[in-house]
């Protein structure tokens, strides 16, 4: 019950995380008192032992895992000016952190004999410098974590512990970005970007059974983008909105939501029909964006946008038919776009979009040096086009490569080439090695501006749940489900996928045995199994 009649209640939880490690210190005594210390209140007893940072001294602390929120400092000394720096890496906390969208580097007075909380961002490391003329007696330092306390309805476990860790890290990355809305990045930009949201939505479907934020974020974008403006000021992001609207309906069966935005959908499709030339080539206006990996390659960008526009109209046809509208505009657009098949070059992003959209099969490009040229944004769709053994190897190398260098969440951008002669993000970079955070990146993610907790990093989680567990929705809301596990060399796989009325649970092993449990009322279709190879309860099983 709220005591304020017009209040909006924050549905997130707050938890305090203690310091797990002292990374670096200078002129600090008794810093070990901060380690695993649960104290969040200033003790009045004057004899309580306390760590002290001398004038000009500093400490860099590690909370052991990336988190979203801020920090609480308990000061027993006089007022003291400090410099406070947040970092997703040690180098960011010790350098000049990025200040976009949230303050990560600030100076302020700690109150005399009091507590101070500060910050709303994503970080793992904090550096505190004493800028005063007397010792700073910090009784404790704790992180204040804010997150949405969601039931883990989906799960994934296999014989490969590296894949299991990647799945859980991807889920955690997504959860940190599920705040009041679904952010693109919990550090930066902390905004609702439609392109990022498409991959995040698929992650939500695989891991959680609460779609509140999906609906809230999609509605926010519509309500803040009156036509003919472009969503996020990025014309191609309207394509992702239509695709995501179709994804949302398939997973929820929420017909009322489609009807609510029917006229808006028709307006979008009408506007984008005007972006197709007579020869069938797309003419989406500036600013033209497919993903960052193709940003400087106009030919690849054109090839990818051609496939993306086709995909939008294909899903537009499905949505129009669903709400009993004439789909002629979408059918006509698809036929026209098929007249022009632009070359993708060696762009995996463009090739993936053309392939998954059923515009044109580019799997030959995608299978060439498959771990190279991966887009963190479109990585999920790249995985979708690859044979299972190859796809699992890409997951292990690309997303696993971040874990190998200290990551606890997945990044905005990454290349396995960055691993050559570079250090870890949770250590001071040794002389002679490149700084993995500060020395790499391009476009909007140069240096420490680069977000190390980005929502689209959940891509491998959605892929493993959908493709390895093999769960596909055949009816809106998941009342009819097809289950076709693909182990790709794994000894076994076990997991859960949220569906209508609960979860479908799948266990499969190399012998070909598949056990399927589904909620009552859910029809399960199992493909490619012999008579004794598939077992299900209590839902209905159909062999196909």
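The values are calculated or read from the model by the stated rules, or taken from the named source; none is laboratory data. Because the structure is a prediction, the values reported are computed rather than measured. Neighbour counts are summed over all protein chains in view; Cβ atoms, including those assigned to glycine, are modelled from backbone coordinates with ideal geometry.
Among the numbered criteria (1) closer than 30 Å to residue 148 by Cβ; (2) surrounded by 14 or more Cβ atoms within 10 Å (Cβ to Cβ); (3) in contact (Cβ under 8 Å) with a residue 40 or more places away in the chain, which single criterion is violated by residue 103?
(3)
If you go through segment 192-215 one residue at a time, do you hit one that is within 23 Å of residue 412 (Cβ to Cβ) and surrounded by fewer than 21 Cβ atoms within 10 Å (Cβ to Cβ)?
Initially, segment 192-215 is screened for residues within 23 Å of residue 412 (Cβ to Cβ), giving 192-208, 213-214.
After this cut, where a residue has to be surrounded by fewer than 21 Cβ atoms within 10 Å (Cβ to Cβ) as well, the list is none.
The answer is no, given that none of the residues of segment 192-215 is within 23 Å of residue 412 (Cβ to Cβ) and surrounded by fewer than 21 Cβ atoms within 10 Å (Cβ to Cβ).
Looking for whichever is surrounded by fewer than 17 Cβ atoms within 10 Å (Cβ to Cβ), assigned to a strand (DSSP E or B) and touching a residue at least 60 places away in the same chain (Cβ under 8 Å) here; the options are 71, 40, 65. Which one fits? Give the derivation first.
Working: 71 fails: surrounded by fewer than 17 Cβ atoms within 10 Å (Cβ to Cβ); 40 fails: assigned to a strand (DSSP E or B).
After applying the criteria, what remains is 65.
In the same structural domain as residue 289 (by TED's automatic domain parsing), part of a loop (DSSP other than H, G, I, E, B), surrounded by fewer than 23 Cβ atoms within 10 Å (Cβ to Cβ) and touching a helix residue (DSSP H, G or I) at 6+ places or on another chain (Cβ under 7 Å): does that describe residue 235? Spell out the reasoning first.
Values: in the same structural domain as residue 289 (by TED's automatic domain parsing): yes; part of a loop (DSSP other than H, G, I, E, B): yes; surrounded by fewer than 23 Cβ atoms within 10 Å (Cβ to Cβ): yes; touching a helix residue (DSSP H, G or I) at 6+ places or on another chain (Cβ under 7 Å): no.
Here the answer is no, as residue 235 does not meet what is asked.
Of all residues being in contact with a strand residue (DSSP E or B) (Cβ under 8 Å, 6 or more places away or on another chain) and within 22 Å of residue 395 (Cα to Cα) in segment 427-440, which is surrounded by the fewest Cβ atoms within 10 Å (Cβ to Cβ)? Just the residue, please.
The qualifying residue surrounded by the fewest Cβ atoms within 10 Å (Cβ to Cβ) is 440.
Take residue 263 and tell me if it is on the phi < 0 side of the Ramachandran plot, part of a helix (DSSP H, G or I), surrounded by fewer than 21 Cβ atoms within 10 Å (Cβ to Cβ) and modelled with pLDDT of 95 or more.
Values: on the phi < 0 side of the Ramachandran plot: yes; part of a helix (DSSP H, G or I): yes; surrounded by fewer than 21 Cβ atoms within 10 Å (Cβ to Cβ): yes; modelled with pLDDT of 95 or more: yes.
Taking the combined requirement at face value, the residue satisfies it.
If only one of 218, 269, 227 is assigned to a helix (DSSP H, G or I) and in contact (Cβ under 8 Å) with a residue 40 or more places away in the chain, which one is it?
Every option except 269 fails the conditions.
Per-residue answers, yes or no, for (1) farther than 22 Å from residue 93 by Cα; (2) outside any helix (DSSP H, G or I); (3) at pLDDT 95 or above; (4) over 17 Å from the mean Cα position of the chain (by Cα):
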| residue | (1), (2), (3), (4) |
| --- | --- |
| 106 | no, yes, yes, yes |
| 133 | yes, yes, yes, yes |
| 166 | yes, no, yes, no |
| 189 | no, yes, yes, no |
| 192 | yes, yes, yes, no |
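Restricting attention to segment 415-430, does a residue exist that is outside any loop (DSSP other than H, G, I, E, B), more than 30 Å from residue 515 (Cα to Cα), touching a helix residue (DSSP H, G or I) at 6+ places or on another chain (Cβ under 7 Å) and not assigned by TED's automatic domain parsing to the domain that holds residue 214? Reasoning before the result, please.
Of all residues in segment 415-430, those outside any loop (DSSP other than H, G, I, E, B) come to 416-419, 422.
Those still in the list that are more than 30 Å from residue 515 (Cα to Cα) too: 416-419, 422.
With the extra rule that they be touching a helix residue (DSSP H, G or I) at 6+ places or on another chain (Cβ under 7 Å), the set shrinks to 416, 419.
From what's left, not assigned by TED's automatic domain parsing to the domain that holds residue 214: 416, 419.
Yes, segment 415-430 has at least one match.
Please verify whether segment 2-17 includes one or more residues that are touching a helix residue (DSSP H, G or I) at 6+ places or on another chain (Cβ under 9 Å), touching a residue at least 12 places away in the same chain (Cβ under 8 Å), within 24 Å of residue 106 (Cα to Cα) and surrounded by 12 or more Cβ atoms within 10 Å (Cβ to Cβ).
no
Can residue 451 be described as surrounded by 18 or more Cβ atoms within 10 Å (Cβ to Cβ), under 19 Å from the mean Cα position of the chain (by Cα) and over 30 Å from residue 99 (Cα atoms)?
Details: surrounded by 18 or more Cβ atoms within 10 Å (Cβ to Cβ): yes; under 19 Å from the mean Cα position of the chain (by Cα): yes; over 30 Å from residue 99 (Cα atoms): no.
When the stated conditions are applied, residue 451 does not pass them.
In segment 170-187, what count of residues is obtained for those that are part of a helix (DSSP H, G or I) and over 17 Å from residue 497 (Cα atoms)?
Here is the first cut: in segment 170-187, the ones part of a helix (DSSP H, G or I) are 170-176.
Okay, now just the ones that are also over 17 Å from residue 497 (Cα atoms), so 173, 176.
Counting residues in segment 170-187 that are part of a helix (DSSP H, G or I) and over 17 Å from residue 497 (Cα atoms) gives 2.
May I ask you to say which residue of 176, 136, 109 is in contact with a strand residue (DSSP E or B) (Cβ under 8 Å, 6 or more places away or on another chain) and outside the structural domain of residue 54 (by TED's automatic domain parsing)?
On the way: 136 fails: outside the structural domain of residue 54 (by TED's automatic domain parsing); 109 fails: outside the structural domain of residue 54 (by TED's automatic domain parsing).
176 is the lone residue from the list that is in contact with a strand residue (DSSP E or B) (Cβ under 8 Å, 6 or more places away or on another chain) and outside the structural domain of residue 54 (by TED's automatic domain parsing).
Taking segment 482-506 only, how many residues are within 19 Å of residue 168 (Cα to Cα) and under 25 Å from the mean Cα position of the chain (by Cα)? Talk me through it step by step, then tell me what you get.
Within segment 482-506, the first condition is being within 19 Å of residue 168 (Cα to Cα), and the residues that meet it are 487, 490, 492-498, 503-506.
Filter again for under 25 Å from the mean Cα position of the chain (by Cα), leaving 487, 493-498, 503-506.
Of the residues in that region, 11 qualify.
Considering 196, 247, 210, which residue is outside any helix (DSSP H, G or I) and in the same structural domain as residue 326 (by TED's automatic domain parsing)? Step through it out loud before you land on a result.
Working: 196 fails: outside any helix (DSSP H, G or I); 247 fails: outside any helix (DSSP H, G or I).
Among 196, 247, 210, only 210 is outside any helix (DSSP H, G or I) and in the same structural domain as residue 326 (by TED's automatic domain parsing).
From the list 343, 332, 361, pick out the single residue that is in contact with a helix residue (DSSP H, G or I) (Cβ under 8 Å, 6 or more places away or on another chain) and without any contact (Cβ under 8 Å) to a residue 24 or more places away in the chain. So that I can check it myself, show each step before the final result.
Values: 343 fails: without any contact (Cβ under 8 Å) to a residue 24 or more places away in the chain; 332 fails: without any contact (Cβ under 8 Å) to a residue 24 or more places away in the chain.
Among 343, 332, 361, only 361 is in contact with a helix residue (DSSP H, G or I) (Cβ under 8 Å, 6 or more places away or on another chain) and without any contact (Cβ under 8 Å) to a residue 24 or more places away in the chain.
With 25, 83 as the choices, which residue is out of contact with any helix residue (DSSP H, G or I) (no Cβ under 7 Å at 6 or more places or on another chain) and in a strand (DSSP E or B)? So that I can check it myself, show each step before the final result.
Details: 25 fails: out of contact with any helix residue (DSSP H, G or I) (no Cβ under 7 Å at 6 or more places or on another chain).
One residue alone meets the criteria, 83.
Given the criteria in contact with a strand residue (DSSP E or B) (Cβ under 8 Å, 6 or more places away or on another chain), assigned to a helix (DSSP H, G or I) and either in the same structural domain as residue 266 (by TED's automatic domain parsing) or modelled with pLDDT under 95 (or both), does residue 333 qualify?
When the stated conditions are applied, residue 333 passes them.
Take the residues of segment 280-323 that are assigned to a loop (DSSP other than H, G, I, E, B) and out of contact with any helix residue (DSSP H, G or I) (no Cβ under 9 Å at 6 or more places or on another chain): which is surrounded by the fewest Cβ atoms within 10 Å (Cβ to Cβ)? Break it down stepwise before answering.
As a first pass, look at segment 280-323 and keep what is assigned to a loop (DSSP other than H, G, I, E, B): 280-281, 283-291, 295-297, 323.
With out of contact with any helix residue (DSSP H, G or I) (no Cβ under 9 Å at 6 or more places or on another chain) added as a condition, the list becomes 283, 285-286.
Numbers: 283: 12, 285: 10, 286: 7.
Here the answer is 286.
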